[in-house]
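Report on the structure given below.
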């Protein structure tokens, strides 16, 4: 209860954020019409808490979570967490407001019930909450948990229109690409644990040294982060994710999901810095994404597709900035994320608002929306200007930092930066001009204030950032100082001179305008180029892999469920082969020992041979009753073997089990229709089938033989345990060690086994009572 | 195939078999055998009655009708012995009395919680054996009666159809 009297800011932020989806879902269960209001209220509360926590000192919270692995539930509301929490909740507030206006229209289009609101806002806020948890988590396992939670929430958000196949496929693709790559994060975390025996990032940073394990760990975590940020070659999930309702796109692809990727890079940046080639890899991947995203964005016709590819391209900038490193690189990356989130979110909202108003979603069908929606046009003009890095917007400074970082790395990087920025200038300009200027091509209906004002608000914020950059700069500086592990100073101001940054900015505008004016000439050739990329690109590879895996799984499944024989064969065969490979490839010295044979062993040997002989005999009879009886013959002979070995407990159990087992089998035979039994007994399987069965049986038998042999040849490992247990048996009030082991030393195993027995019993009884058996 | 001899033998064997089961369980801590073996022995004793007298016998033997519930009673007892120590701040499966302390003795039976756990195992195994065999027997009896009924109504139906055809 100490939290109530002395609230820990980090924990408070997480709890308040987690309350948002919970309260929203509860409101949905109570009164669906109230969901939107509750969602807005709880998000505003989360944003307010985030501002409060940012204003006071950075705080941490730590609690033992999994003691055996030394995993802490460790949160820290540091600069990096503050920045991303503010983004997630602040942009989240704008998105939720917008969605409150958008969702009624969307439901109307799709003919969905009111209760869908609860599902929508529930998952949207769950995403926000897991994002808040992710950015505060200091423990790699905790990071992984929240990371996957965001993936789960995004799956349901992207696939929100679940009746549409396209939506389901896209949701699955996003989940697979970001989920499978997330395993990289987990493996990386485990590698780091192996090296430092802790998952806690602060502890790892304290003692880290450059080694190949650490480098690989950082690289694997980077792969997960890059896939989440939709970087080449994992970028293809993002354009597909545009099937989601627009609020989802504007949230996930401005401030949340893709931002999570670069956040993680920022979080583990000290590890990446250790090895130069990791930074170079980031530059390479980021550059590729910049170019691919930018070029494709220029050729797209659908608004949201333009924006999707522009997101890929612009997160490419951020990744390049991280790769370049240094004050301007890391600081610039943070600042870029803020500026991008504000402007991109507004642009996505604009696209959705225009589509709702006009019913059109492509550039070729739209134009002249300025006249009908001047306020929306104004808001999105500010946002677009921010994206295009025009002066007097926050975007100008993001490009200035980018150019400053590039200047530190020579002429080639400078030229590349100008090219990339010009691409960004061109595709955003093309989008805004295409929507709002030109001749009026369509009617439009009015949309609510809730869909316009968030755009205007974000646009004004973008403009404010261009005049009064101080608060944004502070947030970015504090975040960068966490990644950089030292305080840094970003110098952001307008300078009226010919410093390289200004020259580069001017050449960007010139180049961008040139690209826009010459669209007629490059349009067709660029489209051809892009369609080649679609044929041989990674998206195609993904599809082929998915199809191949699906076909393979179908084939295995068809074989496995065909009959009992193939089911057993598909378990025993592969298991036998694997064990056989293990036997071949492990050093076998001392593993397979043939002990001496004495006269006193003769009875035992006889019984073993008898057991083996009855085992062979089981294959002979064709009618079921005889099969059951021969089978129990094997069991009884085995019981005699145990008795000769001097283990009366096991022998007793074997006899009893064999008896009741035979009874149950015979009772089952009685239940089966006689005609089927007779038919089965007469069946003569084909010769090749008999051969196949014999091969599988031989493999499985050899496996069991070698496993048993190697286990019996090396009893030394467990003798100390056994003698210790024998020693302890009288202390446990027993004289029969087997019983004491079952009920005391290994009681937990017994408990698990008897629980299985009880569950199996429940299954048998309900199967028979319900009459599913015949 | 059931003769009088079978019936007499089954009846005579019932009580001794149950006693043996009890003995095996109680003496489990000093001699071979434990709750598991005891459960199987007791279940076999009941199975013998079932085979000789048919499923109707189940309702005549006291308490055997409730044997399936023994599975869950046993599971609860075992779970309690396992988890109650954790409520009292000890690790799971801490038996009482603690190691080395003397326990109350009654013949060869020592009153220790490990025996309670074994009783749970006994109940589960006994309930499982009796429950499965008896539900098989009941299902078999049900199938047989429904087959007989079907055969009879078939005959009736064909009779009616013939009657209908003739009118």
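The values are calculated or read from the model by the stated rules, or taken from the named source; none is laboratory data. Keep in mind the model is a prediction, meaning the values are calculated, not measured. Methodologically, a virtual Cβ is constructed for each residue, glycine included, from the backbone with ideal geometry; neighbour enumeration extends over all protein chains shown.
Quick notes
- Options A:706, A:745, A:661: the member that is in contact (Cβ under 8 Å) with a residue 12 or more places away in the chain, within 11 Å of chain B (Cβ to nearest Cβ) and more than 30 Å from residue B:46 (Cβ to Cβ): A:745
- Among the residues here, residue A:636 does not qualify as under 29 Å from residue B:145 (Cβ atoms), away from chain B (no Cβ under 14 Å) and part of a helix (DSSP H, G or I).
- Among residues of the range A:417-441, those that are more than 16 Å from residue A:398 (Cα to Cα) and either part of a helix (DSSP H, G or I) or modelled with pLDDT of 90 or more (or both), counted: 10
- Of the residues in the range A:119-137, at least one is free of Cβ contacts under 8 Å to residues at least 24 places away in the same chain, buried (at least 24 other Cβ atoms within 10 Å of the Cβ) and assigned to a helix (DSSP H, G or I).
- Exactly one residue out of B:150, B:141, B:114 is in contact (Cβ under 8 Å) with a residue 24 or more places away in the chain, more than 10 Å from chain A (Cβ to nearest Cβ) and assigned to a helix (DSSP H, G or I): that is B:141.
- Filter result for residue A:222 (closer than 24 Å to residue A:339 by Cβ, in contact with a strand residue (DSSP E or B) (Cβ under 9 Å, 6 or more places away or on another chain) and either in a helix (DSSP H, G or I) or at pLDDT 90 or above (or both)): no
- Count of residues meeting criterion [at pLDDT below 85 and touching a helix residue (DSSP H, G or I) at 6+ places or on another chain (Cβ under 6 Å)] in the range B:8-34: 6
- The numbered conditions (1) surrounded by fewer than 24 Cβ atoms within 10 Å (Cβ to Cβ); (2) modelled with pLDDT under 85 are all true for residue A:212 except (2).
- Residues in the range A:357-394 that are in contact with a strand residue (DSSP E or B) (Cβ under 7 Å, 6 or more places away or on another chain) and either touching a residue at least 60 places away in the same chain (Cβ under 8 Å) or part of a helix (DSSP H, G or I) (or both): A:362 only.
- For the range A:62-85, filtering for residues that are closer than 17 Å to residue A:202 by Cβ and in a strand (DSSP E or B) leaves 11.
- Condition check for residue A:639: under 16 Å from residue A:697 (Cβ atoms) and at pLDDT 90 or above: no
- The requirement of being free of Cβ contacts under 8 Å to residues at least 24 places away in the same chain and within 16 Å of residue A:479 (Cα to Cα) is fulfilled nowhere in the range A:70-83; no residue meets it.
- Pick from the range A:639-653, criterion in a helix (DSSP H, G or I) and more than 10 Å from chain B (Cβ to nearest Cβ), ranking: surrounded by the fewest Cβ atoms within 10 Å (Cβ to Cβ): A:645
- Qualifying residue in the range A:44-56 (condition: under 18 Å from residue A:150 (Cβ atoms), under 29 Å from the mean Cα position of the chain (by Cα) and surrounded by 23 or more Cβ atoms within 10 Å (Cβ to Cβ)): yes
- Against the list (1) assigned to a helix (DSSP H, G or I); (2) touching a helix residue (DSSP H, G or I) at 6+ places or on another chain (Cβ under 8 Å); (3) within 23 Å of residue A:670 (Cβ to Cβ), the condition residue B:5 fails is (2).
- Within the set A:360, A:344, the sole residue that is within 22 Å of residue A:248 (Cβ to Cβ) and surrounded by fewer than 24 Cβ atoms within 10 Å (Cβ to Cβ) turns out to be A:360.
- Some residue of the range B:4-22 being buried (at least 19 other Cβ atoms within 10 Å of the Cβ), facing chain A (nearest Cβ under 8 Å) and touching a residue at least 40 places away in the same chain (Cβ under 8 Å): no
- Filtered residues of the range A:225-250 (kept if assigned to a loop (DSSP other than H, G, I, E, B) and closer than 18 Å to residue A:264 by Cβ): A:229, A:230, A:231, A:232, A:234, A:235
- Test: residue in the range A:677-684 that is in contact with a helix residue (DSSP H, G or I) (Cβ under 7 Å, 6 or more places away or on another chain), assigned to a helix (DSSP H, G or I) and modelled with pLDDT under 90: yes
- Hits in the range A:162-174 (condition: in a helix (DSSP H, G or I), touching a residue at least 24 places away in the same chain (Cβ under 8 Å) and surrounded by fewer than 19 Cβ atoms within 10 Å (Cβ to Cβ)): A:166, A:169
- Selected residue [assigned to a helix (DSSP H, G or I) and within 13 Å of residue A:120 (Cβ to Cβ)] from A:14, A:45, A:25: A:25
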